[in-house]
Ligand code: ATP
Ligand code: MG
């Protein structure tokens, strides 16, 4: 173990400076388990950081006794930086990392106790998908029906819940023997549990053969290690005396168990140390004076590690990755003697922003009410904007950003645009490019997911671990060297026969019957290449950048790309040079750099790691998904796509628990803003190649009217409808008759409108369900205005767009009928009812949902909404003017 420095000297006063009383109490708390539960922006992360410094300087702990867990690598490096400011350079040596990174370190050190050899590979999602494809092919599985992604998500669920493959297999497919070829399973699949259990077992088997783990395994295998190897567990119990976890609300079951195992909670030692909060707290009275290197708090203390977790159950947004909100809700039950401290003052946002966030989140059931307040004052109202379509929404945002920059001197880097799904970024990007505004995209096709980067990394993985079958196979014919499927099959048949790795198949391919001399010659060239690269790799292990350079040159990858005339290949070359820079940077930052170390960092970069560190003035607007935005803050935030079906996501509209998660996501989004919040929506959005009319997001309805200053409340055609009191049957005709450009704000709704002539029937097609807010959107098929694939027709005004659309319509009109878009030949009649005809408790009949009772009425003029309880069909929000209902 490294020599420990003397106790870190920082006065208590220094560490409590600038904290409110509650925050200070949390920083100083002495006891086995502490939950800092609080709303967004209340200083949770700040308190956690100070508490670490406090533990070091006031409890006299050594840096090596602390394990601090953050949600992303970026958050970890930010925290390390802040700690550096508080306690100096020792912060660099502390374990401040994500769960995954901590597990990599543990498994590298001690994984051999559970059969992991050092130098194991870490598969990312794309690697795992390739492996599933290989297995699927061998087992004759219909991968169109069961996509690799879908299979992996089942496997991931098992893992996140710590359900081992052995148990699954024993229960659902006891006859299956992983690794044994030629088992006829395709025929026997009676149920899906059986299918997934077999795939899970086979997948684990092949990972083990390849000496590899996937992302979820990092956690699962570490838990296994701690549970199966008592000496290893003991080492970590002695070592980590303080465990601190940020964003605890997004931990999953496996991570929860991991934390307990690391801390040694429930190991029968609970009362050998300070088992109860009362005892610990009584000591808290002395907290103001340094406890010095008292053995009570540091080295000599027995019993479980002290745990501090920080989180906000309203910000739990990773259920789809197994996050279990119960972990935070049950903290006090799970850790007897735990103490909860609530923080209520928000230091980030204005009162208006907080009020909006609160108005959204209070609609969630079963949550503990929280009151967040701020001393920052009311601030500016939220700015709302309803655009005709996604292009116009983006263009308006670009204009507003340019205005904020020029009129209010807001730096670009103070502004962020957030959206629910990655695909929404394209329109925004286009608008920013057109307006000449600098931006950076976080997420999207990530650097490490680009093909050429994955190829280069596959070489590095294969060099570091030749038994890594997936990566070895990947590079066999990259760049093309005449080693196609047959050559691959030959090597792999050798491997199957002898139960060895694919690489050994490559080495012995001459022994396989029927291999041509040509294949065998080419295979020899590949073999020599890998051997020479491997030799180079071990000679230059401390210089990953040189290994990258060697691989790119010697493999022929660069030569192939340089030869190409495809402009995309030029940018691929640039990306590869980037990779070399990444490696060089890694060498400079890492004292004991190695190839394996470099591969680890590349495998662990998460979306948000692409964000520049604090202090970098990038002078760029940031674009990202709401999920990526967690924990971050910006003075100006644009929340876009505020539409039913976009946000909340269409998947969630009929599912109460998914809708709750969307609401938490909305709460996260709103609370990212410090000073100014914009909320925009598009009345029409293209999805799956079709233009759909989108209704305003219910989250907009949740926010009190007086908090939003609508720059434009309704899109052009929505306004027209309202003005003429058109009912549903008239709307398209109305456009035909009266559609002069001016009425539509100069946008592309020309006189020939969307729905004259032959396209009318298709443009009016819809399904019954499509008419309720429950499923959010109406589909206009591929003719009429649905076919503007280029998108340009919408955002440019005037006659050119009109003629453009007419052309498009003509060109696609014929196919529309054939695509089932006008199936709804029986067009439901609009009710023609007014919202004033309704009172609570009225009975209605709906074409699709049947009989229901009115439980809520929102009079919003043309956009009035009824909420109706349809019993077993659920409670639906219906826009009166669209809903096929009758009042009984
Ligand atoms: P989130 O829920 O979004 O993760 P959080 O609770 O972790 O938020 P922080 O990011 O720690 O909150 O703090 C929010 C902002 O408030 C930061 O800019 C932080 O510096 C500031 N802040 C926190 N506490 C104080 C304080 N006592 N005085 C002044 N500023 C503070
Ligand atoms: Mg935080």
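Overview of results
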read-out: Close pairs (8 angstrom Cβ cut-off, 6 or more residues apart or separate chains): touching a residue at least 40 places away in the same chain (Cβ under 8 Å) in segment 833-845, in a loop (DSSP other than H, G, I, E, B) and exposed (fewer than 11 other Cβ atoms within 10 Å of the Cβ) anywhere; value: 842/888; 843/888; 844/888; 845/888
read-out: Matching entry among 216, 250 (being at pLDDT 90 or above and within 16 Å of ligand 2 (Cβ to nearest atom)); value: 250
read-out: Enumeration of residues in segment 853-875 that are in contact (Cβ under 8 Å) with a residue 24 or more places away in the chain and assigned to a strand (DSSP E or B); value: 858, 865, 866, 868
read-out: Single condition residue 673 does not satisfy, out of (1) more than 16 Å from ligand 1 (Cβ to nearest atom); (2) at pLDDT 85 or above; (3) touching a helix residue (DSSP H, G or I) at 6+ places or on another chain (Cβ under 8 Å); value: (1)
read-out: Exclusive hit being surrounded by fewer than 20 Cβ atoms within 10 Å (Cβ to Cβ) and away from ligand 2 (no atom under 16 Å from the Cβ), set 681, 675; value: 675
read-out: Of all residues in segment 631-670 being at pLDDT 90 or above, more than 15 Å from ligand 1 (Cβ to nearest atom) and in a loop (DSSP other than H, G, I, E, B), the one that is nearest to residue 442 (Cα to Cα); value: 640
read-out: Tabulated pairs, segment 464-481, first farther than 17 Å from residue 212 by Cβ, second part of a loop (DSSP other than H, G, I, E, B), C-beta under 7 angstrom, 6+ apart or interchain; value: 476/483; 477/483; 477/484; 479/556
read-out: Filter result for residue 67 (closer than 14 Å to residue 245 by Cα, modelled with pLDDT of 95 or more and within 16 Å of ligand 2 (Cβ to nearest atom)); value: no
read-out: Residue satisfying all of: in segment 345-359; assigned to a helix (DSSP H, G or I) and within 13 Å of ligand 1 (Cβ to nearest atom); surrounded by the fewest Cβ atoms within 10 Å (Cβ to Cβ) among these; value: 354
read-out: Within segment 390-424, tally of residues that are in a helix (DSSP H, G or I), in contact (Cβ under 8 Å) with a residue 60 or more places away in the chain, more than 27 Å from residue 695 (Cα to Cα) and touching a helix residue (DSSP H, G or I) at 6+ places or on another chain (Cβ under 9 Å); value: 3
read-out: Conditions (1) part of a loop (DSSP other than H, G, I, E, B); (2) more than 30 Å from residue 459 (Cβ to Cβ); (3) modelled with pLDDT of 85 or more: number failed by residue 628; value: (2)
read-out: Test: residue in segment 196-207 that is closer than 30 Å to residue 61 by Cα, touching a strand residue (DSSP E or B) at 6+ places or on another chain (Cβ under 8 Å), surrounded by 20 or more Cβ atoms within 10 Å (Cβ to Cβ) and in contact (Cβ under 8 Å) with a residue 24 or more places away in the chain; value: no
read-out: Every pair of residues 6+ apart whose Cβ atoms lie under 7 Å, when the first sits in segment 17-32 and is within 9 Å of ligand 1 (Cβ to nearest atom) while the second is assigned to a loop (DSSP other than H, G, I, E, B); value: 23/43
read-out: Residue within segment 200-213 that is touching a helix residue (DSSP H, G or I) at 6+ places or on another chain (Cβ under 6 Å) and in a loop (DSSP other than H, G, I, E, B) present; value: yes
read-out: Any chance residue 198 is farther than 19 Å from residue 122 by Cβ and at pLDDT 95 or above; value: no
read-out: Residue 513 more than 41 Å from the chain's Cα centre (by Cα) and at pLDDT below 95; value: yes
read-out: Close pairs (6 angstrom Cβ cut-off, 6 or more residues apart or separate chains): under 20 Å from residue 249 (Cβ atoms) in segment 44-69, part of a loop (DSSP other than H, G, I, E, B) anywhere; value: 45/246; 48/246; 67/240
read-out: Residue match in segment 47-62 (condition: touching a strand residue (DSSP E or B) at 6+ places or on another chain (Cβ under 7 Å), within 15 Å of ligand 1 (Cβ to nearest atom) and closer than 25 Å to residue 350 by Cβ); value: yes
read-out: From the options 41, 37, residue that is within 16 Å of ligand 2 (Cβ to nearest atom), at positive phi and in contact with a strand residue (DSSP E or B) (Cβ under 9 Å, 6 or more places away or on another chain); value: 41
read-out: Filter result for residue 18 (out of contact with any strand residue (DSSP E or B) (no Cβ under 9 Å at 6 or more places or on another chain), over 25 Å from residue 304 (Cα atoms), away from ligand 2 (no atom under 16 Å from the Cβ) and at pLDDT below 90); value: no
read-out: The one condition in (1) farther than 30 Å from residue 669 by Cα; (2) buried (at least 24 other Cβ atoms within 10 Å of the Cβ) that residue 38 fails to fulfil; value: (1)
read-out: Among the candidates 28, 93, residue that is farther than 24 Å from residue 325 by Cβ, at pLDDT 90 or above, away from ligand 2 (no atom under 16 Å from the Cβ) and surrounded by fewer than 23 Cβ atoms within 10 Å (Cβ to Cβ); value: 28
read-out: Number of positions in segment 186-195 that are surrounded by fewer than 20 Cβ atoms within 10 Å (Cβ to Cβ) and either at pLDDT 90 or above or assigned to a helix (DSSP H, G or I) (or both); value: 6
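Conditions (1) within 30 Å of residue 630 (Cβ to Cβ); (2) modelled with pLDDT of 50 or more; (3) crowded, with 23+ Cβ neighbours inside 10 Å, marked per residue:
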{"position": "244", "(1), (2), (3)": "yes, yes, yes"}
{"position": "261", "(1), (2), (3)": "yes, yes, no"}
{"position": "267", "(1), (2), (3)": "no, yes, no"}
{"position": "278", "(1), (2), (3)": "no, no, no"}
{"position": "293", "(1), (2), (3)": "no, no, no"}
{"position": "301", "(1), (2), (3)": "no, yes, no"}
{"position": "305", "(1), (2), (3)": "yes, yes, yes"}
{"position": "308", "(1), (2), (3)": "yes, yes, yes"}
{"position": "321", "(1), (2), (3)": "yes, yes, no"}
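Okay, residues lined up against (1) part of a loop (DSSP other than H, G, I, E, B); (2) touching a residue at least 60 places away in the same chain (Cβ under 8 Å); (3) on the phi < 0 side of the Ramachandran plot:
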{"site": "486", "(1), (2), (3)": "no, no, yes"}
{"site": "496", "(1), (2), (3)": "no, yes, yes"}
{"site": "513", "(1), (2), (3)": "yes, no, yes"}
{"site": "518", "(1), (2), (3)": "no, no, yes"}
{"site": "528", "(1), (2), (3)": "no, no, yes"}
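Per-residue answers, yes or no, for (1) crowded, with 21+ Cβ neighbours inside 10 Å; (2) touching a strand residue (DSSP E or B) at 6+ places or on another chain (Cβ under 9 Å); (3) closer than 23 Å to residue 466 by Cα:
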site: 77; (1), (2), (3): no, yes, no
site: 88; (1), (2), (3): no, no, no
site: 97; (1), (2), (3): yes, yes, no
site: 110; (1), (2), (3): no, no, yes
site: 118; (1), (2), (3): no, no, yes
site: 128; (1), (2), (3): yes, yes, yes
site: 132; (1), (2), (3): yes, no, yes
site: 145; (1), (2), (3): no, no, no
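The values are calculated or read from the model by the stated rules, or taken from the named source; none is laboratory data. Quick caveat, the model's predicted, so the values are computed rather than measured. Note: ideal-geometry Cβ built from the backbone for every residue, glycine included; neighbour counts use all protein chains shown.
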